[in-house]
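Structure first, then comments.
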There are 2 protein chains.
Amino acid sequence: MGYKADTFDVIVVGAGHAGVEAALASARMGAKTLCLTLNLDTVAYMPCNPSVGGPAKGIVVREVDALGGEMARNIDKTHIQMRMLNTGKGPAVRALRAQADKYLYQHEMKKTMENTENLTLRQGMVERLIIEDGECRGVITKTGAEYAAKAVVLTTGTYLRGKIIIGELAYESGPNNMAPSINLSYHLQELGFDMVRFKTGTPPRVNSKTIDYSKTEIQPGDDVPRAFSYETTEYITDQLPCWLTYTGDETHQLINGNLHRSPMYSGMIEGTGPRYCPSIEDKIVRFNDKPRHQIFLEPEGRNTEEVYVQGLSTSLPEDVQKRILATIPGLEKAELMRAGYAIEYDAIVPTQLWPSLETKRVNGLFTAGQLNGTSGYEEAAGQGLMAGINAALKVQDKEPLVLDRSEAYIGVLIDDLITKGTNEPYRLLTSRAEYRLLLRHDNADLRLTKKGHEIGLIPQDRYERFEEKKALIAQEIDRLEHVSIKPSEMVQQVLAESQSTSLKEPMSAASLLKRPEITYPVIHKLVPAETALPETVMEQVEIQVKYSGYIDKQLAQVEKMRKMENKKLPVDLDYMAINGLATEAKQKLHEVRPLSVGQASRVSGVNPADISILLIYLEQGKLAKIAR
Amino acid sequence: MGYKADTFDVIVVGAGHAGVEAALASARMGAKTLCLTLNLDTVAYMPCNPSVGGPAKGIVVREVDALGGEMARNIDKTHIQMRMLNTGKGPAVRALRAQADKYLYQHEMKKTMENTENLTLRQGMVERLIIEDGECRGVITKTGAEYAAKAVVLTTGTYLRGKIIIGELAYESGPNNMAPSINLSYHLQELGFDMVRFKTGTPPRVNSKTIDYSKTEIQPGDDVPRAFSYETTEYITDQLPCWLTYTGDETHQLINGNLHRSPMYSGMIEGTGPRYCPSIEDKIVRFNDKPRHQIFLEPEGRNTEEVYVQGLSTSLPEDVQKRILATIPGLEKAELMRAGYAIEYDAIVPTQLWPSLETKRVNGLFTAGQLNGTSGYEEAAGQGLMAGINAALKVQDKEPLVLDRSEAYIGVLIDDLITKGTNEPYRLLTSRAEYRLLLRHDNADLRLTKKGHEIGLIPQDRYERFEEKKALIAQEIDRLEHVSIKPSEMVQQVLAESQSTSLKEPMSAASLLKRPEITYPVIHKLVPAETALPETVMEQVEIQVKYSGYIDKQLAQVEKMRKMENKKLPVDLDYMAINGLATEAKQKLHEVRPLSVGQASRVSGVNPADISILLIYLEQGKLAKIAR
Ligand SMILES: Cc1cc2nc3c(=O)[nH]c(=O)nc-3n(C[C@H](O)[C@H](O)[C@H](O)COP(=O)(O)OP(=O)(O)OC[C@H]3O[C@@H](n4cnc5c(N)ncnc54)[C@H](O)[C@@H]3O)c2cc1C
Ligand SMILES: Cc1cc2nc3c(=O)[nH]c(=O)nc-3n(C[C@H](O)[C@H](O)[C@H](O)COP(=O)(O)OP(=O)(O)OC[C@H]3O[C@@H](n4cnc5c(N)ncnc54)[C@H](O)[C@@H]3O)c2cc1C
């Protein structure tokens, strides 16, 4: 039944949030790319929340953009609301969040793929990989097509042996009753991959017409136009609001009274769920002193009345779900349109991956997204982009692009996965990053555009615009450091207006800007720049000057970290033969095969004493000899 | 696991083209209606051609509109091209055809449903019916919800035990890899319904960017704005073209050489396919003297590059499909995005239905659409509308609405199904109607608006507009019949300009209009109406006057037919006990249980001699006694 179909450089399996980035990146880097997906009507489908961004995740979207990915541009074209979170707090925790028109988001992304050179988008179900001499050489689909390729990226999301669970009911299925992918999962197991069983859940959807919004609080979008992409120049001004309501006593009693029917507690669910996106039954059990939980009502698009009930993820039986809705102010009469459900699926143990997201077991095979044990569209997109880039680089016989923990949240995410593994669906949080002040929303372009340009994803004209911006920032900071502000009457008055203490003696503009209450516009009033600076440049100048002390401290830590990262470990090291390593360390290091002492130090179960031993071996030049 | 969920008047199972009409009609008639469907993302999904209308089918869409259904309005809002077919021919064969934006079509229809009072749209899979004392009293879903109702309409399309077949590959599936519906089919068999196995097929989709349109012929839309709905006042002016190309020698050789791999010829497909939508392999086998077949390239929407390859429906293996494409001018390099496939599914033998579409076996259970053995969106919509209307009427304890063969194509369709049955997917054709000159595109409103108003689907204001139009037509025809045109110089000159012979003596305007070369505008020049008449009124006047001879003849035939239709037969007649009926007639009449002698005369296998016997029994008042 098989037949030799076309030959490509790179094949991407899946067109979810990971797959689309992988395929677009690979094709844009010049690799002849095939993207295969189960259903062309669900490219970039959002099976859960109709939103993109938020803390940490939003910064990933900016990073994807700075590297030349698509998520930012796509959401800029298709959102129904945009909001900057934490504007009152420091720049490290600010994050953009958009509500998506879930259908438009899909259609725009699909159209972009259809119009990308070197990219073939095709419906098809991959069931096996073609492996020759331990190298992945292509894929075989259900229809018997044998596609040859030099590299393959798997991004199968929650489809592998997917199983939907609602109350006492369980059945094989992909998300939202779509067909699951069964054979590929068994094939991966045959190939020797360690798999885990994870689960995630989604809340019910209700009809907007049946919500009594007067009992809820409106959550409008920002008045200021904002965008995720550094390149977006047109803004959607017509925004839709979201609405806030709460669970209450009655809700909690109802759920408590029905816990025995919850598949999470009855033992029906084997898979491990995401701690940071808990179901409502989870929240009520774990935080049983909390009198209420927030429920956000989020429209799923402009052209639909479906509303996503954020905060109410659940796998309780359908009848309980309907009764839960009725206990929530505003939702008393809400018509359930889709029931919430949990889905179990197979994921790969991510410590089986190199930092490039290539699998250690099979050369030329990359994996990304939910398949690697993460949860979330942005986490998927970030990994998909990196896997696509590295698959294309591999085809071009180039070194992989690896971002370190000080360069990007994407770096933190991938390093966490491949070094520490995860025993639950991994979600990116700001607390996972040690250099949060460096990994800001506002400076993703400064961190990554150059790399995006080097690999060919950032076109020359965009790169030049970026370089100009960078130069303007540097010039302005330099000017502020050198221009001195004297305690004139005008100056003292402006300072007083800003509730700032008066100057005793001349001070550089930069030093003055470090005062918490002094903003860049104030400085600009005192010592105007020669030409008007773009908003984004002023923002950068202010942040970089104001927080330079903290930033410098983090940069010094990065320097130290880098030293350890630069102490490379051979990939074929036989840790079992290293005397003095604790047994647990031996086993874990053997499994993870870290590429540097830095990475080794982050492997869980590896202690400073073990690292000292590795360092001694390294200094004495002894490691090279202890190959597996 | 079951739980008592809500109670409704009417439950519609399925939200395809039949289901949406059924649910909307029922809800708009005031019945509290639930519509359950497998996937809310595919409401009114078009699994095959992205178009609506065409010969006979287009007239059904107008009829649906005149009765207060939605298909016409929805396509008017979402088409990318509109064309009147056969404008050069008589009014009986004119038909409108629209290319749909397949995604917009879905979203608009879903939104309309979400915003309809009395209608609850919900995702869910129905697995069983609740039957009490032979009456359908509700449905049970996979999640255990038991919904009570007074009537249920099943419209499950091609999902029942759906099986996709491509070349040597076959797997259980709904259309386009969506989940099939297995249990409900077994349940219907358990209930004693006779089921048949049908199949249908769809062609590949290709990427527009990879088509060389220079080798094809452009097929633009009409310049004149047109609409399906009598109520549409806003027209889409920005149309997209389609393109025409042809199969050739190479195509035919390739197909002939691969027939052994065709599931149609290898015996893999058990289901019977639609004769009038044959696959390309069918066409090449059946019409092997034809040197080429037309292939239309139809865009699937404005926001996608997917193009539907009309004329190339196939279940040949994927590799053959790719090679076929390469033989067609313009498609040499076309990228296959989705492969064509055949789908097999279970349908109900439609002679098990009353003219109301209620099943004979289970009171309160109605069926419509592909499930009844038809094929096509319009056929589905027409039936869905009637089933929805009759379910609501039943709940209101009112007589069903049955359209006869002289009133509507919908009447022809349903009468054919329930009286003759079908042993292949039934498609509506103009040749199926005996009163074609009455069942025109232009007069669907005149035929049906009153009925739509009576059942409550045509609101008062629309009805008044319709009555005004009707009055204007009657007045104008009356005027033309009474106004005499004299052979003046001016008159002779106008006639000469119209290539018409000169008048010898005065003639009524109506008589003059009957001349083939004389149009209404010419008459208007000679004897202007007092006030300007709307375009649609002028069109009606012209057609009714011009064809009055033929129309009157058909009306006389209708009168005869009606006489036979009015000779009612008792439903519980025991045909086996009627002496003189041929054995075949006995069996067939027993099965179909016709409601009138007219219907009996159309049952296949029933001969005029049998009808004479029935008439004799009826006249002698003997039938009433021969109950089962
Ligand atoms: C019910 C549910 C609830 C969720 N809840 C949350 C949440 O609360 N918070 C959160 O952050 N995230 C949540 N998510 C996760 C989020 O949806 C995913 O993280 C994200 O979509 C993952 O992107 P992905 O690209 O890895 O996979 P997906 O978006 O799932 O895409 C997988 C793609 O692979 C294709 N595919 C699968 N198998 C094959 C095959 N054999 N051959 C070809 N193509 C194949 C599919 O067609 C699809 O295109 C939830 C997901 C689901 C389903
Ligand atoms: C591959 C293919 C090729 C076709 N080719 C042609 C063609 O060439 N010419 C032509 O005229 N027509 C063709 N058609 C037929 C056309 O698509 C159908 O006639 C039309 O869609 C039928 O409308 P429907 O409403 O009866 O069913 P569908 O549009 O199929 O809708 C069925 C609905 O029922 C729902 N459903 C099914 N089971 C359940 C359940 N248990 N519980 C709840 N909901 C359920 C589904 O979710 C869906 O919403 C083709 C169809 C397919 C799939």
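Please treat every number below as a calculation from the coordinates, not as lab data. Just so it is clear, the structure is predicted and the values come from calculations on it, not from any experiment. Positions of Cβ are generated from backbone atoms using ideal geometry, with glycine treated the same way; all protein chains shown enter the neighbour counts.
Under the criterion of Cα pairs below 8 Å and six or more residues apart, the relative contact order for chain A equals 16 percent. Taking every Cα-Cα distance in the stretch A:243-305 and sorting them into 5 Å bins starting at zero, the pair-distance distribution P(r) comes out as 3, 15, 22, 20, 17, 13, 8, 3 percent.
Among rounded, prolate and oblate, which fits chain A when a ≥ b ≥ c are the square roots of the eigenvalues of its C-alpha gyration tensor, a/c under 1.5 means rounded, and a/b larger than b/c means prolate? Verdict is oblate for chain A.
For B:S596, the residues 5 or more places off, or on other chains, whose built amide H falls under 5 Å of its own are B:L569. The Cα center of the stretch B:1-42 and the Cα center of the stretch B:346-404 differ in position by 15 Å. Residue exposure proxy: A:E190, A:E108, ordered by other Cβ atoms within 10 angstrom of their Cβ from fewest to most, comes out as A:E190, A:E108. Projecting the alpha carbon convex hull of the stretch A:265-395 along each direction and taking the average yields 11.1 nm². Fewest neighbouring Cβ atoms within 10 Å first, the residues A:F8, B:F287 line up as B:F287, A:F8.
Taking the label point 7 Å along Cα→Cβ, B:L429 and its counterparts in the other copies are spaced 6.8 nm apart, in ascending order. Backbone phi angles across the stretch B:512-529, fed through the Karplus curve with coefficients 6.51, -1.76 and 1.60 (θ = phi - 60°), yield HN-Hα couplings of 4, 5, 5, 4, x, 7, 9, 9, 4, x, 5, 4, 4, 5, 6, 9, x, 5 Hz in residue order; Gly and Pro are listed as x.
Annotation for the stretch B:148-213 versus the stretch B:435-499: alpha-carbon center distance of 44 Å. Taking the inverse of the average 1/r across all pairs of different Cα atoms in the stretch A:337-432, what Kirkwood radius in Å do you get? Computed over Cα pairs of the stretch A:337-432, the Kirkwood hydrodynamic radius comes out at 13.8 Å. Based on alpha-carbon atoms, the Kirkwood radius and the radius of gyration of the stretch A:469-592 give Rg/Rh equal to 1.33. Take B:E168, push a point 7 Å out from Cα through the beta-carbon direction, and compare it with the same point in every other copy: 4.5 nm, smallest first. Per residue, the convex hull spanned by the Cα atoms of the protein assembly as shown measures out at 226 cubic angstrom. Net charge of the neighbourhood of A:A18, taken over other residues with C-beta under 11 Å away and scored Lys/Arg +1, Asp/Glu -1, is -3. Projecting the Cα positions of A:L119, B:G138, A:A391 onto the charge dipole of the protein assembly as shown (unit charges on Cβ atoms of Lys, Arg, Asp and Glu, taken about the Cα centre) puts B:G138 furthest along the positive direction.
The stretch B:557-579 and the stretch A:269-327 have Cα centres separated by 60 Å. Computed across the stretch B:156-195, the Kirkwood hydrodynamic radius from all distinct Cα-Cα pairs reaches 10.7 Å. Proximity of backbone amide H atoms, modeled 1.01 Å from N, is registered between B:E335 and B:N207, B:T210 at under 5 Å, excluding neighbours fewer than 5 places apart on the same chain. In this Cβ point-charge picture (+1 for Lys and Arg, -1 for Asp and Glu), the stretch A:442-493 has a dipole of about 140 debye about its Cα centre. Taking a point 7 Å from the Cα of A:N86 along the Cα-to-Cβ direction, the residues of the stretch A:411-440 with backbone N closer than 18 Å to it are A:411-413, A:427-440.
Across peptide A:118-131, the mean count of Cβ atoms from other chains lying within 10 Å of each residue's own Cβ comes to 3. Only alpha carbons enter this Debye calculation for the stretch A:1-105, each as an equal point scatterer, and the log10 of I(q)/I(0) it gives at q = 0.16, 0.22 Å⁻¹ is -0.77, -1.19.
Here's how it looks for A:L85: its modeled amide H is under 5 Å from those of A:A95, A:L96, A:R97, which are all 5 or more places away or on a different chain. Counting only Cβ charges, +1 for Lys and Arg and -1 for Asp and Glu, the dipole size of chain B around its Cα centre is about 1100 debye.
If you model the stretch A:54-196 as an ellipsoid using its alpha carbon gyration tensor, with each semi-axis the square root of five times an eigenvalue, the axes come out at 33, 21, 17 Å, biggest first. Counting other Cβ atoms within 10 Å as a rough exposure proxy, the listed residues A:K504, B:K567, A:K57 run A:K504, B:K567, A:K57 from fewest neighbours to most. Past 32 Å, Cα to Cα, is the threshold; run A:K394/A:K625; B:K150/B:K622; A:K360/A:K560 against it and keep the listed order. The answer is B:K150/B:K622. Would you work out which of B:G68, B:V153, A:T33 lies farthest towards the positive end of the dipole of the protein assembly as shown? Charges go on Cβ: Lys and Arg +1, Asp and Glu -1. Farthest towards the positive end: B:V153. Compactness of the stretch A:457-512 was expressed as the Cα radius of gyration divided by 2.2 N^0.38 Å, which yields 1.68.
Can you pull the mean other chain C-beta count within 10 Å for peptide B:349-359?
Taking the mean over all residues of the peptide, I get 0.
Think of each Lys and Arg Cβ as +1 and each Asp and Glu Cβ as -1; about the Cα centre, that makes the dipole of the protein assembly as shown roughly 1460 debye.
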